[in-house]
Each structure stands twice: as structure tokens, then as C-alpha cells.
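Here is the structure we will look at.
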Amino acid sequence: MFRPARMRFGIFLAPFHRFYDNPTLSLERDLRLIEMLDELDYDEAWVGEHHSAGWETIASPEVFMGVAAQRTRRIMLGTGVVSLPYHHPLMVAKRMVLLDHLTRGRVMLGVGPGALLSDAQMLGIVPTRQREMMEESLDVIMRLLTETDPITYKSDWFELANATLHLRPYSKPHFPIAVASVQSPAGVTLAGKHGAGVLSLGTFVGQRGAVDPKAQWEIAEETAAKHGKSMDRGEWRLVTPLHVAPTRKEALADIQAGGLEFVKKYWEDALGNVRNVPRPDDEATLLEQLADSGQWIVGSPDDCIAAIEHLQEITGGFGGLLFRAQEHVSPEKNRQSYELFARYVAPRFQGSLDSLGQSYQRVVANVAETKKQSQAAIERAHQTYQQQVPR
């Protein structure tokens, strides 16, 4: 099983905000959240693009990332994701190259077909074409990033005429690129075609039943081999809801009201999904069922550690875990959750505790001899002093 030397942790910021909450203040909280994560040594923040349904209010992840970059020092910022059918591929590439320079290499490009059909409908895009449009666009973007000769290309929805990037990427050969994968094989197939990373958003549940992330990764590897590419599990990130508290009981109580509201008003009413849990009508235990089934990670630091280890086992190993950033709890509880994870969970998967534990065990095992030598040194100091004192 693959285990990265240092697993990356971060957030997937759609964002999700209640449609009746002040949107200006909500966006400011999003920026402050990324500032906090930067301080807590999180690795990444991926920012979404949506245009309808009221909850997800960032229309341009690139604009948001530009502001966030000025308020942080080291955290990587990714588009999570740019909906490629909504944009001309030359413009996507050029905006990302600009951000790459402005941030000195702190950006990542995440791409997808577009998550909300209501977005595509406003643009007159036929939903059944979104995935093929995504593939056509990414093919061109990869050429723009890796080729220097002018490109001429005519599609039924965009055109290039002797097009090049006159400003080349700051990162070499270019910034990291990842493809979103929810339940269909389209995302992992496209990732394999280009040897790109994968953002697995629907780790377990899809409209056609359970999603097997291990099988999806195998599709990516098979596709990569056909195109002379290779896949890197270190560039595979899973996205999951996550909340940490000192105890599992407290964690479940924290998210009860906000989590249930999200499931009912967004997941079901806005998206038309149904509850994929053993007892869908039991609202009192709904979030506990989601946690027990592995669809959400909710609990103590030890519970989170066990859940991540389980994810590693059933997937064969991955390189990053992103928390689906949601405002189920108060800002104070939210801060506590991220801090508990950073202090007690992340180090277990990043190798930062190994040498400390080994050092402690060596000292404990030798404590009797160390104490004996310490006492001898103190006694010798007393004797030396006595010999030097005039009598």
C-alpha cells in the first residue's frame, strides 16, 4: 500500500454558505479561514466556481485566490474547480499563468465539467456534452502549457488562431494540474490521459450506487499506460466532510443542527439527491449514520486517525486529504476542529513525530544510567569546590 512520506492536508472550499446569510461577510470568513489554515501549517486550499443555487457564492476562484495569496505566506491555492465548458481554454491558461507568477508558484489548476446543472443551463450548455467539452478544453490547455509553437484549433464552441502563451508559467514545467472525479469514469480517464492528479469528490456515494475509489484509480492507471503516461498516487486527493472535537459525542453534537440543515436544504432540495444511509428517515441519527458509513469523518482525533487509515487501506493509498469546508458550527468550534487536527492528527501522517517519539523512548530506556551519571557529576562538582575553598 502506498503511504506518502508527508500526506498533504487542506480544504475544499466550494464554498457552502446558507443562502440567507450575508454573502459579503461569508466571503470574508472564507478568506480568514485560509489565513488561519496558513498559520496552522495546512498545505492546500482549493476554491470552487459556481453560479447558481444560492449556497456556493464564488464565481471566479482565480480572483478569490489572488486576494487570498496576498493574505497568506505559504499555503498552496488551487481552483477547485474551474468548470472548463464555461470558459475559453486560452483564457483559463492565461489566468492561471498570471496567478502562478503573482504567487511565485503557489497555485494549482483543478478542472471539472461543472458540478451544477443549473449553471450549465444558464449558459445554454447541454449537460450530456459537459464532459466531452472538459476533455477537449484540457487537451488544448495542456498543449498551451507545454508547447511553444502557435496553435490553431477549431471546435464547435471555441477557436484558436496561431495562439500561444506569451507569458510562460512561473512553475516548471507548469503548475500542478488535477481533474475532479465524482462518480463517472470521465474524470479519472482524463487524468490518466494527461498523467494529472485526481480530486475524488464522491469517494463513496453516487447516483448509481456506491463508488469504489480504488477501481476508479485503476481506470486512471490503465488510461495513463495507454497514453504513455504514469499516475502518481501522491497527487491523488480525497475530499470529505470532517469535524474534530475532543470526543466523538461532542463532535456529533457540534454539527447536528448545521449538518442536518445542509443535507436537507442543499444536498436534497437544491441538488435533488436522496439520503444514502441505512435509516434515511431517522433524522436524529442521520449524521451518526453518515459518520459510521465513512461518508463523513466526525469524532475525536483518534477517530480521525482511524478513519484516515481506513481510507488508505480501501484505496490502496493516496497523497492528500481535503476537508469539505462547511459552516456547520460556530467560528470557535470551527477553529478548534482545525487546530485539533493540525496538532494531533496531521503529524501522524507527516512523519514529524517519529524522531521525537524515538528520542523519548531512548531517554526513558536509559533514564536510570542517566540519573546515575548526573548524580556523579553533581557530586564531583561539590568535591572540586571543597578542594578549592581555603581552610
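Just so it is clear, none of the values below were taken in a lab; they were calculated from the coordinates. Just so we're clear, the structure is a prediction, and the values are computed from it rather than from any experiment. All Cβ positions, glycine included, derive from the backbone under ideal geometry; neighbour counts span all protein chains shown.
Could you work out the relative contact order of the chain? I mean the mean sequence separation of Cα pairs under 8 Å and 6+ apart, divided by the number of residues, in percent. RCO, the chain: 18 percent. Expressed as a whole number of Å, what is the distance separating the alpha-carbon centroids of the stretch 221-253 and the stretch 272-293? That distance is 21 Å. Simple point charges give the picture: +1 on the Cβ of Lys and Arg, -1 on the Cβ of Asp and Glu, and for the stretch 1-102 a dipole about the Cα centre of about 220 debye.
As a proxy for reagent exposure, ranking Glu222, Glu49, Glu379 by other Cβ atoms within 10 Å from fewest up yields Glu379, Glu222, Glu49. Between helix 301-315 and the chain there is an angle of about 50 degrees, using the helix long axis and the longest principal axis of the Cα atoms.
The Cα center of the stretch 147-173 and the Cα center of the stretch 332-391 differ in position by 58 Å. Taking other C-beta atoms within 10 angstrom as a stand-in for reagent exposure, His243, His51 fall in the order His51, His243, fewest first. When the stretch 8-354 is described by a simple charge dipole with +1 on each Lys and Arg Cβ and -1 on each Asp and Glu Cβ, the residue from Leu271, Tyr86, Gly258 located farthest towards its positive end is Tyr86. For the listed residue pairs Lys154/Lys193; Lys154/Lys214; Lys265/Lys333; Lys264/Lys333, the alpha carbons are over 32 angstrom apart in Lys154/Lys214.
Kirkwood radius for the stretch 76-212, taken over all pairs of different Cα atoms as the inverse mean of 1/r, rounds to 15.5 Å. Return one number: the angle in degrees, 0 to 90 and rounded to the nearest 10, between the long axis of the Cα atoms of helix 248-262 and the longest principal axis of the Cα atoms of the chain. With both axes taken from Cα atoms, the answer is about 20 degrees.
In straight-distance terms, cross-link reach from Lys172 covers every one of the lysines whose alpha-carbon lies under 17 Å from its own, apart from those fewer than eight places away in the same chain; here that gives Lys94.
If you wrap the tightest convex hull around every Cα atom of the chain and split its volume per residue, you get 208 Å³. Sorted ascending by nearby beta carbons within 10 Å, beginning with the fewest, Asp43, Asp292 become Asp292, Asp43. Selection among Asn162, Met108, Ala346 by position relative to the dipole of the stretch 8-354 gives Asn162 as farthest towards the positive end (Cβ unit charges, Cα centre). The charge dipole of the chain, taken about its Cα centre with unit charges on the Cβ of Lys, Arg, Asp and Glu (plus for the first two, minus for the last two), comes to roughly 1400 debye.
The C-alpha atoms of the chain define a longest principal axis, and helix 354-365 lies at about 20 degrees to it. Relative intensity of the stretch 2-90 on a log10 scale, I(q)/I(0) at q = 0.15, 0.18, 0.26 Å⁻¹, equals -0.59, -0.80, -1.32, per a Debye sum over C-alpha point scatterers of equal strength in the absence of solvent.
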